[in-house]
1. Can you tell me how many residues in region 205-222 are without any contact (Cβ under 8 Å) to a residue 40 or more places away in the chain and of a type outside the set (A, V, I, L, M, F, W, C)?
2. Go through 489, 522 for me and flag whichever is more than 37 Å from the chain's Cα centre (by Cα) and among the aliphatic types (A, V, I, L, M).
3. So residue 441 passes all but one of these: (1) of a type in the set (Asp, Glu); (2) in contact with a Lys or Arg (Cβ under 9 Å, 6 or more places away or on another chain); (3) more than 22 Å from residue 88 (Cβ to Cβ). Which condition number does it fail?
4. In region 118-177, which residues are out of contact with any Cys (no Cβ under 9 Å at 6 or more places or on another chain), closer than 30 Å to residue 312 by Cβ and of a type in the set (Val, Ile, Thr)?
5. What's the number of the condition residue 502 fails, among (1) part of a strand (DSSP E or B); (2) touching a Gly at 6+ places or on another chain (Cβ under 7 Å)?
6. If I filter region 222-232 for residues that are closer than 14 Å to residue 126 by Cα, open to solvent by less than 50 Å² (accessible area, probe 1.4 Å) and not aromatic (Phe, Trp, Tyr), do I get at least one hit?
7. Test residue 475 against the stated conditions and say whether it is crowded, with 19+ Cβ neighbours inside 10 Å, among the small types (Gly, Ala, Ser) and more than 30 Å from residue 385 (Cα to Cα).
8. Say we look at region 38-76 and pick out the residues that are open to solvent by less than 10 Å² (accessible area, probe 1.4 Å) and aromatic (Phe, Trp, Tyr); which of these is nearest to residue 88 (Cα to Cα)?
Amino acid sequence: MTDRFVDGDPSNNHSYGRELDRYGNPYPDYKSKVGTFHGGDLKGLTQKLNEGYFTDLGVNAIWITSPFEQIHGWVGGLNFRHYAYHGYYALDYTEVDKNMGTKEDLKTFIDTAHEKGIRVIFDVVLNHPGYLNMKDMAEYGYGELINDWQSYYYDQPESSAHYDTYDDYIGYTSSWLWGNWWGPDWIRTSPQAPGYDAGGNTDLTLTLSNLPDFKTESTKEVGLPAILAAKWDNNKEDQEMAELNAFFSRTGKPRTPANYLIKWVTDWVREYGVDGFRCDTAKHVDLHVWKSLKEEAVAALREWKANNPDKKLDDLDFWMTGEVWGHGVYRSNYFDNGFNSIINFTFQDIPGNMYSLKSVYSDYASQINGDDTFNVLSYISSHDTSLFDRNNLFNAGTALLLAPGGVQIFYGDETARQPDYSLPWDQPTRTDMNWNSINHDVLSHWQKIGQFRNRHPAIGAGTHMLLSDTPHVFSRSYNKNGMNDRVIVAIGASGSTTISVSGVFPDGTEVMDFYTGNKAVVQNGKVTLNAHANKVML
């Protein structure tokens with residue numbers, strides 16, 4: 001979560017007037033507020049890339065919150081001002097949000113990541129734009145502001161900011177004024193704005209959390225949304241319209257809302273070399289839209305790589321993973337409609353029972369690694385669910401980082417970042433990165449296993465074989481694409497441990513436990529090494 005990671009440029013912390021009173025003065029302690037921007041930005045990410053933080057952790061891809069320009073104002077939370085610090089309330093897909101930085105900052109971040117062998121994944125949202133909000137309504141002339149909205153918006157204590165009272169300052173009578181927003185051909189709304197359709201009762205038509213719902217299913221051709229026509233100056237609009245005309249001419253696609261969105265988000269791939277998307281709220285968007293997005297993104301990345309041969313990592317195609325709430329380890333229709341991977345919601349509690357890893361690892365490897373068109377992305381903590389038990393992060397790191405398939409570290413899993421359960425809803429998981437209180441023992445553990453995983457594709461992609469129950473010992477072997485990678489892992493090892501490696505490493509082979517650096521020679525199909533106190537041998 002970029003905003004909560006590192007504040008690399010404090011000068012952009014109040015972009016668009018965020019957390020400023022009506023006279024332009026910052027509200028005190030804005031960085032401690034639950035729903036505000038805290039200052040993390042692209043320069044902060046680049047700083048940590050250059051310090052080697054991600055390399056030391058073995059990371060080879062960074063998924064960042066959506067960097068597109070978000071709604072400028074706040075909406076009412078549960079007695080707090082709720083801004084779009086998480087990237088899920090888009091306003092303009094053609095601009096970088098100034099709180100994140102500039103387009104040049106984004107370019108530097110992606111180029112730096114690529115220089116270090118790390119890919120960049122954008123979180124993208126095609127289901128909805130951001131909420132209506134008083135600041136944007138006043139700035140861009142849409143909707144109706146009534147009563148003394150400025151006193152409510154600027155002068156009340158934060159505890160007065162509530163979703164139950166926010167709407168008291170907004171009127172719903174003029175379809176003409178509301179037409180200056182996205183427009184009824186683009187979105188359905190809740191609360192229902194005059195002239196707009198209300199949200200439906202299906203996954204594809206509901207207004208999720210009362211967010212405006214893009215009509216991604218619509219086949220009707222539409223013009224530029226009124227709010228963007230108001231927001232852009234003449235030069236910007238001329239440039240964007242010329243690009244849109246070229247896109248629709250080249251692709252032959254109709255000018256539907258979904259195809260505008262596809263054009264806008266794939267532009268970042270074509271211009272900056274973004275490697276992949278994590279697609280938010282995937283089940284709320286038609287499958288054919290995701291398939292079309294993937295096709296355009298693949299073409300865009302190939303074009304970027306052709307134009308930037310000195311910057312590309314390799315010739316791998318664009319990659320997509322999807323958030324399909326509740327999805328587990330099975331192959332669904334999403335894999336036939338653009339997705340390389342789906343987030344695995346069933347792994348999060350597994351490290352609480354380390355004994356279950358024997359069956360889980362075997363099951364995952366047999367399902368995932370035997371099918372090149374199928375993968376999942378497992379996690380133990382996320383911004384939408386919870387943080388894994390902070391007192392059990394050694395086992396959690398072991399279980400996650402040795403799992404077959406793709407795995408995702410949520411920032412602070414590796415440092416024992418603490419949640420704040422005094423905060424409402426999903427906010428407790430989104431605290432600031434704990435740079436001043438890192439648990440270095442936990443971090444060292446995650447770094448060792450993360451680096452081992454990164455060096456050995458067999459960990460994520462290999463054939464799995466159980467070698468011993470106690471301690472839990474298994475091998476993984478990967479023999480594809482010119483690689484012959486073989487590893488043996490022991491979980492729960494203690495003291496001097498003898499492991500049978502017959503069939504994996506022949507007699508006379510010197511092997512090294514990556515966790516400790518200890519070495520031994522295979523004799524009679526076995527190797528004996530002293531295990532680390534953390535009970536992992538690699």
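The values are calculated or read from the model by the stated rules, or taken from the named source; none is laboratory data. Everything numeric here is computed off the predicted structure, so don't read it as measured data. Please note: Cβ atoms are built from the backbone with ideal geometry, for glycine as well, and neighbour counts cover all protein chains shown. Protein only, heavy atoms only, side chains kept; ligands, DNA and RNA dropped before computing areas. Shrake-Rupley method; radii C 1.70, N 1.55, O 1.52, S 1.80 Å.
1. 5
2. 522
3. Checking residue 441 against (1) of a type in the set (Asp, Glu); (2) in contact with a Lys or Arg (Cβ under 9 Å, 6 or more places away or on another chain); (3) more than 22 Å from residue 88 (Cβ to Cβ), the one that fails is (2).
4. Result: 118, 120, 121.
5. (1)
6. No, there is no match, as no residue in region 222-232 is closer than 14 Å to residue 126 by Cα, open to solvent by less than 50 Å² (accessible area, probe 1.4 Å) and not aromatic (Phe, Trp, Tyr).
7. Against the criterion (crowded, with 19+ Cβ neighbours inside 10 Å, among the small types (Gly, Ala, Ser) and more than 30 Å from residue 385 (Cα to Cα)), residue 475 qualifies.
8. Only one residue fits best here, namely 68.
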